[in-house]
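Everything on this sheet refers to the single structure shown next.
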Amino acid sequence: MIIYNTMARKKMELVPLEENLFRIYACGPTVYNYFHLGNARPLVNFDTLRRYLKYKGYKVKFVQNFTDIDDKVINRANAENKSIRELSDFYIQEYFKDADGLNVQRADVHPRATDNIPEMLELIGKLVEKDIAYVANDGVYFAVDKFPAYLKLSGFNKEDLWENVRKEENVESGKKSSSDFVLWKFNKPGEPSWESPWGDGRPGWHLECSAMSQKYLGETFDIHCGGKDLIFPHHENEIAQSEAASGKEFARYWMHNGFITVDNEKMSKSQNNFFLIREIANEYGYMPIRLFLLNSHYRSPINYSIDMIQSSKSAYERIKNCYKNLKYTLDNFKVTEENSESLEEFNHLQKLYQETKEHFERAMDDDLNTADALGAIFELVKEINIVLENPKSSEGLALIFSCLEELTNVIGLSFDEENDIPEEILELVEKRTQAKAEKNYQLADELRDEIVSSGYKLTDTAQGTKVEVDA
């Protein structure tokens, strides 16, 4: 597999530091609100990376943090008259509801910043001891000039750096350079704080991820991922403080996803043009959102629109219906004179199985090209629908079902979303089948009408009667 490494500015073969094990750190959400579509993109993309690496036989240790101490968290907690713990507990719980809805697998570790303060203080201590960090009037700062490799990820020119940093420092802060960044912020009224050798306060955002990633993955790990907006300053500063403290390479590969735009403007809370995952899911369901996010290459921008999410919903329904039709046919397959086991069909489906997996893996191996991989799945769905018109090989159906199930699982699609048929409807279907067998067609028609009026549709097939939610 090759991936585009932001640090190298080119595609590179992905090789783990330790044989058969990838250690991955993904920057997680700041938990002061429900998360929006832009937040969900890295979540879904790098969950898919993790799934694919496991599909290829690797072990993966995946860490994703929660930032639960930050200006936005503090301001929201104060506004709602809550502690930061109460606020973050609530939004972490709500985060998991949406992440579970998107079928994102839980990380192996979900560290919270406030649970890892000792590790952060230890990291600052190393930098102070090496004279790479210094104490100013309002906190402890990292001296950028003492890390010559600064900006190696973003590629910015040091001379132009001042134009790329937020001009928020005050001459009273005691910073030695405008480009120096804070490691520890001294206590202010109305803010939570922790004791430190340099004064009570709280950690800087960049410091949090360095301390947590190194605690759970080691001083050098395989992949660090996140959105493009984190390249500078967040990831640049993580590299500087981590490598200055350890003297070792921080992350071996850097993967960054592109932005989501609305009317060609970046989606963000500050622009007030963001769409909450919860709101979109209530209208269209979670799986169409996941499909929408994966139907473009992760490094490409996506322009969100109602038409696009509706199209993704239709595409998801097409895959789901194929999956359920194939499963139903396989579970109820009956061999008859007209429908006998066919070696020709088996050979055809075996070839389709091989070609589909080759296409899928070729796409995913080329920098996680989920858009092309989905193309392989849609081609498979098209061929399956043709075969299901007159299926003849149960072994072939089983083979091709395993292919569809395996590949959609790698993509992270779930087909159990809100579509379980209630027991009372299944009982009505069974009564109708019995009535038809007894040639009581009037009762059968009455039962059919009752089922249809309840929002379900029936399809009589050679394998029996199939019931589905009437979309």
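The values are calculated or read from the model by the stated rules, or taken from the named source; none is laboratory data. Keep in mind it's a predicted model, so treat the numbers as computed, not measured. Glycine gets a Cβ as well: all are built from the backbone with ideal geometry, and neighbour counts include every protein chain shown. Areas reflect the complete protein model, heavy atoms only, side chains present, ligands, DNA and RNA absent. Shrake-Rupley method; radii C 1.70, N 1.55, O 1.52, S 1.80 Å.
Here are some notes:
- Considering only Asn303, Ile84, Leu153, the residue lying farthest towards the positive end of the dipole of the chain is Leu153, judged by Cα position with unit charges set on Cβ.
- Estimated FRET transfer efficiency (Glu219, Lys334; beta-carbon r; R0 60 Å; 0.05): 0.45
- Considering helices alone, the calculated mean residue ellipticity of the chain at 222 nm is -15000 deg cm²/dmol, with DSSP H runs of length four and up weighted by -39500 (n - 2.57) and normalised per residue.
- Pairwise Cα separations in the chain fall into 20 Å bins from 0 onward with the following percentages, short to long: 21, 47, 23, 8, 1.
- In this structure, Ile425 and Ala371 have a Cβ-Cβ separation that, at R0 = 45 Å, corresponds to a calculated FRET efficiency of about 0.75.
- Sites Asp200 and Glu265, calculated FRET efficiency, Cβ-Cβ separation with R0 30 Å, nearest 0.05: 0.15
- Listed residue (Leu404, Asn20, Ala373) projecting farthest to the positive dipole end of the chain, Cβ model: Asn20
- Cα long-axis angle, helix 236-246 against the chain (0 to 90 degrees, to the nearest 10): 70 degrees
- Pairs from Lys11/Lys146; Lys72/Lys126; Lys188/Lys228; Lys357/Lys382; Lys324/Lys457 whose Cα-Cα separation, in the structure shown, is over 22 Å: Lys11/Lys146; Lys72/Lys126; Lys188/Lys228
- Mean Cβ count within 10 Å, highest first, over the residues of peptides 321-327, 368-374: 368-374, 321-327
- Charge dipole (debye, nearest 20) of the chain; +1 at Cβ of Lys and Arg, -1 at Cβ of Asp and Glu: 1140 debye
- When the trypsin sites (Lys or Arg not before Pro) in the stretch 409-453 are filtered for DSSP coil states and for at most 14 other beta-carbon atoms within 10 Å of their beta-carbon, the remaining sites are Lys439.
- Taking the 1.4 Å solvent-accessible surface of the stretch 294-411 as the whole, the part contributed by carbon and sulfur is 45%.
- Sorted on the mean count of surrounding Cβ atoms within 10 Å across their residues, most packed first, peptides 214-222, 233-241 read 233-241, 214-222.
- Degrees between helix 84-101 axis and first principal axis of the chain (Cα, 0 to 90, nearest 10): 30 degrees
- For the stretch 294-411, the dipole from Cβ point charges (+1 on Lys and Arg, -1 on Asp and Glu) about the Cα centre works out to 480 debye, to the nearest 20.
- Where labels lie 7 Å past Cα in the beta-carbon direction, separation of Glu355 and Asn81 in nm: 6.8 nm
- Whether the stretch 5-114 is rounded, prolate or oblate, judged on the alpha carbon gyration tensor where a/c under 1.5 counts as rounded: prolate
- In this Cβ point-charge picture (+1 for Lys and Arg, -1 for Asp and Glu), the stretch 2-257 has a dipole of about 920 debye about its Cα centre.
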